[in-house]
Amino acid sequence: MTEFHGSFELHITIAVPSADEWARLSSWGVDHKAKCVWIELARGLQPSQPMVTVHRSGTLAGILEECRSLEGELRGLGLTPLRKKVECAIDNDSVPREDRDWGPVHVGRYFESHVKLLLEESEDLTGIRQLAERHEGHLSRNAFRTREDGRQERFVTQRGRGCGRRTFQERIDALVRTFEAAGVSIAEIEREFVVFDSREQLDSGWLTDS
């Protein structure tokens, strides 16, 4: 296992909770400086994906151990962890820079980007979805996120394997150009490298490579 080290973002996806369980989780999140979000995929076998997100620094081995500890705490709240996912910054020294740097050590890992779109409340999502799929991008949203200006947010997610970050960035740029040409507002772009994903099949039916 490549010994990644630095800053990491940890996501633990849980089975869909009851209202009381979600309230307990939200309270736990405040106490543990964790963010609780409920992601809704546009399609797929598991479209509802509530999760906990925390930020930590250290080695990948240490972070995975902390994931196991957090899973235990969540089970103590009566919740069922389904997946743990660990991401690092795309410019981490251990991330493959060029296509030739991708090797067997990175099997199971992938690049991921999230382009946040700002859409009018009446926006036809069919057209947005079609633009995204030209670049193997797929839609999701934060189920509980609302904006005061009435506009809606959608995320377009891309994943990439077998390439370096330069090639993956080119894919992101191409997607962004497509949306800009269509007059779609882009609020934010996030890029990361997923160093561990215990259950990527949870996204089956959403992304074309899942």
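Quick look at the numbers
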quantity: Length-normalised contact order of the chain in % [C-alpha pairs under 8 Å, at least 6 apart]; calculated: 29 percent
quantity: Whole-Å semi-axes of the range 1-89's equivalent ellipsoid (Cα gyration tensor); calculated: 23, 16, 11
quantity: Under the Debye formula (equal points on every Cα, no solvent term), log10 I(q)/I(0) of the range 62-102 at q = 0.25, 0.26 Å⁻¹; calculated: -0.85, -0.88
quantity: Helix-only mean residue ellipticity at 222 nm for the chain, each DSSP H run of n ≥ 4 adding -39500 (n - 2.57), per residue, nearest 500; calculated: -8500 deg cm²/dmol
quantity: Radius of gyration and Dmax over the Cα atoms of the chain, both given in Å; calculated: 17.4, 50
quantity: Sites matching GluC sites (Glu not before Pro) across the range 1-106 that sit in DSSP coil, with at most 10 neighbouring C-beta atoms within 10 Å; calculated: 3
quantity: Karplus (6.51, -1.76, 1.60) ³J(HN,Hα), θ = phi - 60°, over the range 105-115, in Hz, Gly and Pro reported as x; calculated: 4, 9, 4, x, 9, 6, 7, 8, 10, 10, 9
quantity: Distance (nanometres) between label positions extended 7 Å along Cα→Cβ at residue 40 and residue 174; calculated: 3.1 nm
quantity: GluC sites (Glu not before Pro) restricted to the range 146-210 and DSSP loop, no more than 14 other C-beta within 10 Å; calculated: 148
quantity: Dimensionless Rg/Rh of the range 138-210 - Kirkwood Rh, Rg from C-alpha atoms; calculated: 0.99
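Just so you know, all these numbers are worked out from the coordinates, no wet-lab data involved. Predicted, not measured: the structure shown is a model, and the values here were computed from it. Reconstructed Cβ throughout: ideal geometry from the backbone, glycine too, with neighbour counts over all protein chains shown.
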